[in-house]
Amino acid sequence: MIKFSEQKLKEIEQIISHYPEGKQKSALLPVLHIAQQEFGGWLSVETMDYVATVLNLLPIEVYEVATFYSMYNLKPVGRYIFEVCQTGPCITKGSDNIIKYIEEKLGIKPGETTADGLFTLKTVECLGACGYAPMMQLGKSYREHLTKEKVNAIIEECRMNAEKNN
Amino acid sequence: MARKLLLDKIGIEGIRYYDVYRKNGGYASVEKVLKTMSPDDVTKEVKKSGLRGRGGAGFPTGLKWSFLAKPAGVPRYLVCNADESEPGTFKDRFLMEFIPHLLIEGLIVSSYATGSNRTYIYIRGEFGWIVEILEQAIAEANNNGWLGKNILGSGFDCEIFVHPGAGAYICGEETALLESLEGKRGNPRIKPPFPAVKGLYGCPTVVNNVETLATVVPIISMGGDEYAKIGIGKSAGTKLISACGNINKPGVYEIEMNISVEEFLYSDEYCGGIANGKRLKACVPGGSSVPILPANLLLKTAKGETRMMTYESLSDGGFQTGSMLGSGGFIVYDEDQCIVRNTYSFARFYRHESCGQCSPCREGTLWLTKILYDIEYGKGKMKDIDLLWHVQGNIEGNTICPLGDAAAWPVAAAIRHFRDEFEWHITNPEEAQRRNYGLAHYADTLQAEV
């Protein structure tokens, strides 16, 4: 059985209070973000069902939302997700080569996770950073003006953080 | 230097924080409206200013506000559209990240005008760090009495909340945004009823873009009439342009809407010209949805007039020889860029972002993507070009929301202006894998200048 910590439950209560009474369904997107973060980086059926009980919704109301938005992962992912933009403006600045380089460097294709469970590569559509292309999202931050050297440094940074936190 | 109204203070150290922002004249417009103006007065000033929605559609903001239904006892909502996702567009992000209080100030004034006591900022979920910046700015505004109950003793109550999305371009469409804000899939609603009558939770609602709401601040401080004097005709005021692609100085620029495209593209104050000594091939001047223009139609219209950075001039010639100012996402392509690849990437984008409600869009974007993939990867047939034309024509105008049009237009424009490049890809499939088509004839008339 999964359960939010007391602190997270308080945070969720706070979010629900942003909306008029009886409109707690509005909190679904923010609460799914929290659930994904708390329960392993993805939304299992168990997690979605639990969110439904927390917000007093039917499970189907949660499933239909979770499957619509691209930020929700519906299967397990690596600890660090490289979400590399592949849309037109990034292509003009060489995103194709960056994606190919990450594929070679990590030995995975878009949508796959490395055997050690550390990295997932995802190609994504425009993240609104076109002037700073090529770019990728890593957690809550954007990594911009990517070069092969920068990609190497980011991979190293993730490996070191993972070791530190183990 | 051109006059700046939104980014004039962007260079001041610490302008992101309340104290510095306030010391530099911040929140004066809130004082002005709450102490000396009625909500209708504010709407009148915005109408007089000629401000048009900065999200892409360019609809007059004051007029939009005046449509708002005001039944007694029913709450009204103002919602800020910060779901910036149109490829080529990154201006709202810049504004929110570096001068968040300008948006909060604009939101308080606009909430007062529309009668919204609970105002939401719907921001794309990927901008996680900006959510934190905005929440901090809101907390600062709260602590200093600019939000909450009975603001400045005026009797007006207002709260602002940040609501993150979760990755869906379609939620930039205002009714999809409202669905998403209600905790549902981002499926656009059938209109009418319009949000002004039946919006968030079935209540009258105004949805405005970040830049639009921020612009209310200088309009109130200088007056609508003064604001309307800036720019040319119905393109009043300043506009944020996010410039990207193969230029020397990508970034966000505030322009007065009275400069030429040539000045914007080549002057060092703005884009600084094409990067690496290359030549200009094409430009998408207003975000991925608007028609691409070849170099010879970008700086001058088909009639030979200077093309200006205004709503009217950029659309001069209609879709045959013109484009649109749109969201101000200015994407520049040099001679090394492949139009087929770019068109394929945009089609894939819209395929990914179609909500799936309307079959012309759901199926059509899939077909566009598949056919363009074939052409790009050496498996195209000559009849595919006409098929693309046929499919895009069947999407346009046949969907609930404008995403269908937005998917169709880039394909139509690419074929209209660059048909020979598509044909070359199809007749030279192997060569097309090794090199790009290049500049061909598109920039002939401009080579001397470039």
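Tabulated results
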read-out: Rounded FRET efficiency, nearest 0.05, which uses the C-beta distance separating residue B:379 from residue B:139 and R0 of 41 Å; value: 0.15
read-out: Hz values of 3J(HN,Hα) by residue in segment A:56-72 - Karplus curve (6.51, -1.76, 1.60), Gly and Pro given as x; value: 6, 10, 6, x, 4, 5, 7, 4, 5, 7, 4, 7, 8, 9, 6, 7, 8
read-out: Tilt relative to chain B, helix B:210-222 - C-alpha long axis, 0 to 90 degrees, to 10; value: 50
read-out: Antiparallel DSSP beta bridges within the protein assembly as shown, as percent of all bridges there, nearest 5; value: 50
read-out: Rounded if a/c under 1.5, otherwise prolate or oblate - chain B, Cα gyration tensor axes; value: prolate
read-out: Sparse-neighbour loop sites [chymotrypsin sites (Phe, Trp or Tyr not before Pro); segment A:1-67; at most 12 other C-beta within 10 Å; DSSP]; value: none
read-out: Peptide B:341-347 - average C-beta neighbours from other chains (10 Å radius); value: 4
read-out: Net charge over other residues, Cβ less than 14 angstrom from the Cβ of residue A:98 (K, R count +1; D, E count -1); value: +1
read-out: Mean-position separation - Cα centroids, segment B:358-419 and segment B:210-244, in angstrom; value: 35
read-out: In nm, spacing of pseudo-spin labels at residue B:222 and residue A:141 (7 Å Cα→C-beta vector); value: 3.8
read-out: Prolate/oblate/rounded call for the protein assembly as shown, Cα gyration tensor, a/c under 1.5 rounded; value: oblate
read-out: Pairs beyond 19 Å (Cα-Cα), from A:93/B:249; B:35/B:70; A:109/A:148; B:281/B:370; B:70/B:184; B:44/B:239; value: B:35/B:70; B:281/B:370; B:70/B:184; B:44/B:239
read-out: Surrounding net charge for residue B:41, when Lys and Arg each add one and Asp and Glu each subtract one, Cβ distance under 14 Å; value: +2
read-out: Debye log10 I(q)/I(0) for segment A:80-165, one point scatterer per Cα, at q = 0.11, 0.12 Å⁻¹; value: -0.26, -0.31
read-out: Net dipole in debye of segment A:6-66 [+1 Lys, Arg Cβ; -1 Asp, Glu Cβ; about Cα centre; nearest 20]; value: 140
read-out: Cross-link table A:10/B:149; A:100/A:150; B:191/B:300, entries beyond 26 Å C-alpha to C-alpha; value: B:191/B:300
read-out: Using a Förster distance of 56 Å, the FRET efficiency for residue B:419-residue B:190 (Cβ separation, nearest 0.05); value: 0.95
read-out: Charged-residue dipole, Cβ positions (Lys, Arg, Asp, Glu), the protein assembly as shown about Cα centre, Debye nearest 20; value: 640
read-out: Test item: B:126-132 mean partner chain Cβ contacts at 10 Å; value: 5
read-out: Summed side-chain charge close to residue B:330 - residues other than residue B:330 whose Cβ falls under 12 Å, Lys, Arg +1, Asp, Glu -1; value: +2
read-out: Antiparallel %, DSSP beta bridges [both residues in chain B], to 5; value: 50
read-out: Sequence of B:37, B:96 once ranked by neighbouring C-beta atoms within 10 Å, starting from the fewest; value: B:37, B:96
read-out: Dipole in debye (nearest 20) - chain B, about Cα centre, beta carbon charges: Lys, Arg +1; Asp, Glu -1; value: 840
read-out: At R0 = 41 Å, FRET efficiency that the Cβ-Cβ distance of residue B:305 and residue B:74 yields, to 0.05; value: 0.25
read-out: Segment B:266-333: trypsin sites (Lys or Arg not before Pro) falling in loop per DSSP and having at most 10 other Cβ within 10 Å; value: B:303
read-out: Prolate/oblate/rounded call for segment B:291-428, Cα gyration tensor, a/c under 1.5 rounded; value: oblate
read-out: Residue (of B:30, B:20, B:103) at the positive-pole extreme of segment B:1-118, dipole from beta-carbon charges; value: B:30
read-out: For chain B: relative contact order, % (alpha-carbon pairs under 8 angstrom, 6 or more apart); value: 16
read-out: Ranked B:116, B:288, A:44, criterion: other C-beta atoms within 10 Å, fewest first; value: A:44, B:116, B:288
read-out: Shielding by partners, peptide B:82-94 (average Cβ within 10 angstrom, other chains); value: 4
read-out: Ranked list, fewest to most other Cβ atoms within 10 Å of each Cβ, for B:345, B:260, B:354; value: B:260, B:354, B:345
read-out: Using θ = phi - 60° and Karplus 6.51 cos²θ - 1.76 cosθ + 1.60, couplings along segment B:123-140 (whole Hz; Gly, Pro as x); value: 10, 4, x, 5, 7, x, 6, 6, 4, 5, 4, 5, 5, 5, 5, 5, 4, 5
read-out: Most fluctuating residue given options B:249, B:234, B:191, as computed from a GNM of chain B linking Cα atoms under 10 Å; value: B:191
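FYI, it's all coordinate maths here, none of it is from the lab. Please read these numbers as outputs of a predicted model, since none were measured by experiment. Every residue, glycine as well, gets a Cβ built from its backbone with ideal geometry; the counts of neighbours run over all protein chains shown.
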